[in-house]
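Structure first, commentary second.
The values are calculated or read from the model by the stated rules, or taken from the named source; none is laboratory data. Predicted, not measured: the structure shown is a model, and the values here were computed from it. When we count neighbours, we look across all protein chains shown, and the Cβ atoms used for this are built from the backbone with ideal geometry, even at glycine. Surface areas here come from the heavy atoms of the whole protein model, side chains and all, with no ligands, DNA or RNA. Shrake-Rupley method; radii C 1.70, N 1.55, O 1.52, S 1.80 Å.
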Amino acid sequence: MKHLAIFIGLLLVPKLDCFEFVIDGDWESDSPATHSTEDMSVHQYMKFRRSVLPSEEEEEAEEDLEAIVGAAAVTVHSYKVESRITSRFAHTTVKSSVVNSALQDQSIAFNVQIPKRAFISNFTMNVNGITFVGSVKEKSVARNLYAQARARGKAAGIVRSNSLDMETFKTEVHVPAGSKIEFELHYQEMMQRKLGMYEHFLHLQPGRLVPQLQVDVYIYEPKGISFIEVPNTLGEQFTEMPKITKTKDKVHVVFKPTLQQQRKCWNCTTSAVEGVFTIKYDVQRDSNAGELQVSDGHFVQFFAPSKLEPLPKNIVFVIDVSGSMWGLKMKQTVEAMQTILDDLTLDDYFSIVDFNHNVRCWTEDLVSGSSIQVDEAKKYIESIKPNGGTNINEAILRAIHMLTKASNHGLIAPRSVSMILLVSDGDPTVGEIKLSAIQKNVKRYMREEFSLFSLGIGFDVDYDFLERIAMENRGTAQRVYANQDASQQLQNFYSQVSSPLLRKISIQFPEDTVTDITQNQFDKFFSGSELVVAGKIQQTSITTLQSLTTASSARMDLSLQTEADCHKLDSQLIHQSHSFAGFARQMWAYITINQLLAERSLATTAVKKRKITQRILSLSVEHQFVTPFTALLVESEGGLERVLAESPKDRKQGCCLAGTASLGGRQPVQVVHGVPPWVTKTTEPPPSELGGPLPDHITIVDNDPHFIVHLPKSKMDICFNIDSEPGHILNLVSDPESGVTINGQLTGAKQMVDKKLSTYFGTISVSYKPEGIRVDATTENIVLYDGKGSHNLSWAVTADATLSRVKVSIEKDSHMTVTVNENISVMVLLHRVWKKNPVGVDFLGVYIPNNNKYSANVHGLIGQFSVEPEVKVYNFHDGADPMKTEATMEVKGNKLAVTRGWQKDYRKDKKRGSDVFCWFIHNSGKGFIEGHYKNYIVPQLDSFFEQQ
């Protein structure tokens, strides 16, 4: 887990002739030959430091020492942190005001730890009234300007990289006694959703009591915030001290302990404010189609569906058991594997490959995740005794062979996900040890449908290599810190990838509407995560932007549409004083730069690298981000004094960590499509948008409920009402031979009118028994059951879903069409009423074509008329209502008194409807339908009609 740590350290050092920053990193370059002797020695020093640091705790202790040295000689007047999170994009500002209280000159240090996935965007400093303002420039330009100032003995600076998932911005300013210094650092990052939430971490460690200590976090999410939590992580004395102000779409968290509240005890002079200040939250999601936002000429599409059945997994665990894993590392790995193996289900298949200088397989083939096999695997893991060298190459190839063999023999389900999980703590020492050769071997044998995920334990492992082979093979990598909670870190990473919900995700936009789109095709989507696509609006004249997302889940193919008003969000942001107005523009640049960094690390030629580098450089300068190819030049107002800050590359960790989790292992792909040919509609578009006439041959059940049965041979429509009770389920179509049944459940009005309670269809259910599939449409949502689980869809988006031989197509807030075997279909029309209507309720209408291909034995209130009865109408005469003719109808051996009237077809106009003239049969269709309508009441939504 990556923590955001904000830390100010005050350091007393011997008197210097100028103020300067200590360089603890190396200059990023395409060629190692460009490093000076001094640079190389610094890099070697850093490598040595990593190798001798025994634990994370010891490094933290060293930082603590910096914070408390010379406490009596420095006064910190204020320490303030402010984060503004707008639509998952965070802009954080750290401010501190310090006074040199000593009687002599001294150097004062300002340290801020920021996560590696963040980009510094600005730094300003005021020293005794001289203001230094930062600007991001190309590194060579910045270095030349910096060198000029350095030659005059003025100033120097650098961003230092430490051994955690942090970078430390460190400024040391040598100032006279009594000097006042004000520091202000800005950095930006995109929040990453993991395990169903976003987490914002602030490591507060002022090192002393501060009169004005305050943390403010402002969150604005246009769709709304589902929950906000500030767990107590700073100690018992700060319980309930953070104050939360929340509305539907905004949150303000403030932490402002007084000087007395900061003390470790009532008369202590040391501060108890030390630890991780954590904020957890998630956003409201109307549907699985995602959230599309447009602002400042840019767009961002967030996609995080839920309530989908997980895809089955085929997973090979590849575990390093070399000598370096002896002791705590192996113990923690075994503990983690015990929990991970328990997560496997009967639908999952797995095996274990462990390696040192040799490679062993627990089983030669994948086995089911049954309790028996899991128990045997646990015993095997517990029996491992680490020793020997590290043969990574052969171990990964053996795992690939195992998956390939299972695939060739048809043992892998077509919609399953196949992955390799590599756990290692060191570089290869046996067999193939050249990293580039291992990378080529893995790429050569890895199939497109397989993924590789890497976990690097500790700092001896070449994490950059593990990250490259994971990214190149549709996976991600994570470093696990070898401390007391390493087992939990392993489990957390596995939890992030253990529940794949979708495969082959593509997020597309209409042609000629957007440009410069970030990666929009993803290999997998995991439960609790989020996919993000951003780009620029190409046509400023468009008022609405649409997106189309296609994907495959465990048993169905999905097509989801959403749209956004191109001007609405900007008008809202104007009134949000604590939002980050430029979030969409900066988020697009942030994602693009990170994807380019990832692409650059995989580039195979120097020419490709240079082209990508130029693109990164251009964007970094334009959007004022400190990246491996830019530097932050901080100048006084007259430009006479300059300091320099840059982001060095840590070769053990790589420069490309940020953003790689969202890549799904693929290289960035920039594609803009129209609606692709494989995502065709399963039904007609909504009636209001049809270019031609609607089919007349249709049978309708709508309103309270009115049945309109179309008889094509007789060229007439017959109407009747069913007056039943709320809760009753009426069978409309029952065809056991084809396995299809269509039922409707009645719901009642809010109150009686003229002593009569009207009823309407509140639920329509379409079942296809041979596949165990059922589609239930209510006025609230649509639920698809596939025999193993359920999938929720919303009326709020246009969507298509295909489950085997059943296709479901939804037109936003209009209607749903279910098609079975391509020859039986039913359309369900959604009716919304005014929420404050004292009587009416939302309800559904049913529209069934007369050309459905049922079997000869179909029945039901509607199904029985697939074989049209002989109908004769005669004896026309005026009725009690001169506007309605009365007549006699002969049908099925019955003579019925009928009245000429009309009902409504709401397909073209849901408010007023279109008149359908028909002969109305009284007494709930008695004499026209077989038997009594009560015979058609069934017990369950998926029940067939049983003839009496």
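Residue-wise test of (1) at pLDDT 90 or above; (2) under 21 Å from the mean Cα position of the chain (by Cα).
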site: THR549; (1), (2): yes, yes
site: SER552; (1), (2): yes, yes
site: ASP557; (1), (2): yes, yes
site: SER571; (1), (2): yes, no
site: GLN576; (1), (2): no, no
site: PHE583; (1), (2): yes, yes
site: GLN586; (1), (2): yes, yes
site: ILE591; (1), (2): yes, yes
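Here GLY290 meets each of (1) surrounded by 19 or more Cβ atoms within 10 Å (Cβ to Cβ); (2) out of contact with any strand residue (DSSP E or B) (no Cβ under 7 Å at 6 or more places or on another chain) with one exception, condition (2). Do we find that LEU209 is at pLDDT below 95, aliphatic (A, V, I, L, M), within 24 Å of ASN111 (Cβ to Cβ) and in contact with a helix residue (DSSP H, G or I) (Cβ under 7 Å, 6 or more places away or on another chain) in this structure? Taking the combined requirement at face value, the residue satisfies it.
Restricting attention to region 673-705, the residues being open to solvent by less than 80 Å² (accessible area, probe 1.4 Å) and either modelled with pLDDT under 50 or in contact with a helix residue (DSSP H, G or I) (Cβ under 9 Å, 6 or more places away or on another chain) (or both) number 13.
Here's the yes/no breakdown for (1) farther than 23 Å from ARG907 by Cα; (2) under 47 Å from the mean Cα position of the chain (by Cα):
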site	(1), (2)
THR699	no, yes
ASN703	no, yes
HIS706	no, yes
ASP717	no, no
ASN721	no, no
SER724	yes, yes
GLY727	yes, yes
LEU732	no, yes
SER738	yes, yes
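Within region 433-486, the set of residues being in contact (Cβ under 8 Å) with a residue 60 or more places away in the chain, open to solvent by 10 Å² or more (accessible area, probe 1.4 Å) and part of a strand (DSSP E or B) comprises just one member, ALA477. Residues being in contact (Cβ under 8 Å) with a residue 24 or more places away in the chain, farther than 30 Å from ASP735 by Cα and either touching a helix residue (DSSP H, G or I) at 6+ places or on another chain (Cβ under 6 Å) or surrounded by 12 or more Cβ atoms within 10 Å (Cβ to Cβ) (or both) are represented in region 881-896 by at least one member. Every listed requirement among (1) of a type in the set (S, T, N, Q); (2) over 20 Å from HIS706 (Cα atoms); (3) modelled with pLDDT under 95 is met by GLN940 save one, (3).
Here is the figure for region 550-590: residues that are surrounded by fewer than 23 Cβ atoms within 10 Å (Cβ to Cβ) and under 30 Å from LEU435 (Cα atoms) total 0. Residues to consider are PRO386, PRO414; find the one that is open to solvent by 70 Å² or more (accessible area, probe 1.4 Å), part of a loop (DSSP other than H, G, I, E, B) and not small (Gly, Ala, Ser). Of PRO386, PRO414, the one residue that is open to solvent by 70 Å² or more (accessible area, probe 1.4 Å), part of a loop (DSSP other than H, G, I, E, B) and not small (Gly, Ala, Ser) is PRO414.
Counting only residues that are open to solvent by less than 10 Å² (accessible area, probe 1.4 Å) and either among the aliphatic types (A, V, I, L, M) or farther than 13 Å from PRO939 by Cα (or both), region 718-739 holds 10 of them. Evaluate the following for LYS769: is it surrounded by fewer than 24 Cβ atoms within 10 Å (Cβ to Cβ), closer than 17 Å to ILE824 by Cβ and not polar (S, T, N, Q)? Yes: the conditions hold for LYS769.
Looking only at region 519-546, residues that are in contact (Cβ under 8 Å) with a residue 12 or more places away in the chain and over 15 Å from the mean Cα position of the chain (by Cα) come to 11 in all. When ILE742, ILE708, ILE782 are checked against the criterion of being open to solvent by less than 10 Å² (accessible area, probe 1.4 Å), closer than 20 Å to TRP902 by Cα, assigned to a strand (DSSP E or B) and hydrophobic (A, V, I, L, M, F, W, C), ILE708 stands alone in meeting it.
For (1) closer than 26 Å to SER121 by Cβ; (2) open to solvent by 10 Å² or more (accessible area, probe 1.4 Å); (3) free of Cβ contacts under 8 Å to residues at least 60 places away in the same chain; (4) in contact with a Ser or Thr (Cβ under 8 Å, 6 or more places away or on another chain), each residue gets a yes or a no:
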site	(1), (2), (3), (4)
TYR187	yes, no, no, yes
LEU195	no, yes, no, yes
HIS200	yes, no, no, yes
ASP216	yes, yes, no, yes
ILE225	yes, no, yes, no
ILE228	yes, yes, yes, no
PRO231	no, yes, yes, yes
GLY235	no, yes, yes, no
MET241	no, yes, yes, no
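Looking across region 251-275, the residues that are farther than 19 Å from SER78 by Cβ and surrounded by fewer than 17 Cβ atoms within 10 Å (Cβ to Cβ) come down to HIS252, LYS264, CYS265, TRP266, ASN267, CYS268, GLY275. Summed over region 348-379, the residues that are in contact (Cβ under 8 Å) with a residue 24 or more places away in the chain, assigned to a helix (DSSP H, G or I) and loosely packed, with under 14 Cβ neighbours inside 10 Å give a count of 0. Considering the conditions (1) farther than 24 Å from PHE920 by Cα; (2) in contact with a strand residue (DSSP E or B) (Cβ under 8 Å, 6 or more places away or on another chain), PHE843 is excluded by exactly one of them, (1).
Annotation note: of SER436, SER499, SER529, SER454, the sole residue that is more than 28 Å from VAL334 (Cα to Cα) and either at pLDDT 90 or above or among the aliphatic types (A, V, I, L, M) (or both) is SER436. Scanning region 325-347 for residues that are closer than 22 Å to ALA482 by Cβ and either open to solvent by 60 Å² or more (accessible area, probe 1.4 Å) or not in a helix (DSSP H, G or I) (or both) turns up TRP326, GLY327, LEU328, LYS331, GLU335, THR339. Hey, can you tell me all the residues within region 897-916 that are touching a helix residue (DSSP H, G or I) at 6+ places or on another chain (Cβ under 8 Å), open to solvent by 70 Å² or more (accessible area, probe 1.4 Å) and either of a type in the set (Asp, Glu) or farther than 16 Å from VAL701 by Cα (or both)? Once the filter is applied, which keeps residues that are touching a helix residue (DSSP H, G or I) at 6+ places or on another chain (Cβ under 8 Å), open to solvent by 70 Å² or more (accessible area, probe 1.4 Å) and either of a type in the set (Asp, Glu) or farther than 16 Å from VAL701 by Cα (or both), region 897-916 yields only ALA897.
A Cβ distance below 6 Å, combined with a sequence gap of six or more or placement on separate chains, defines the contacts here; from region 594-613, residues that are open to solvent by 60 Å² or more (accessible area, probe 1.4 Å) reach residues that are at pLDDT 90 or above in the pairs LYS609/ARG600.
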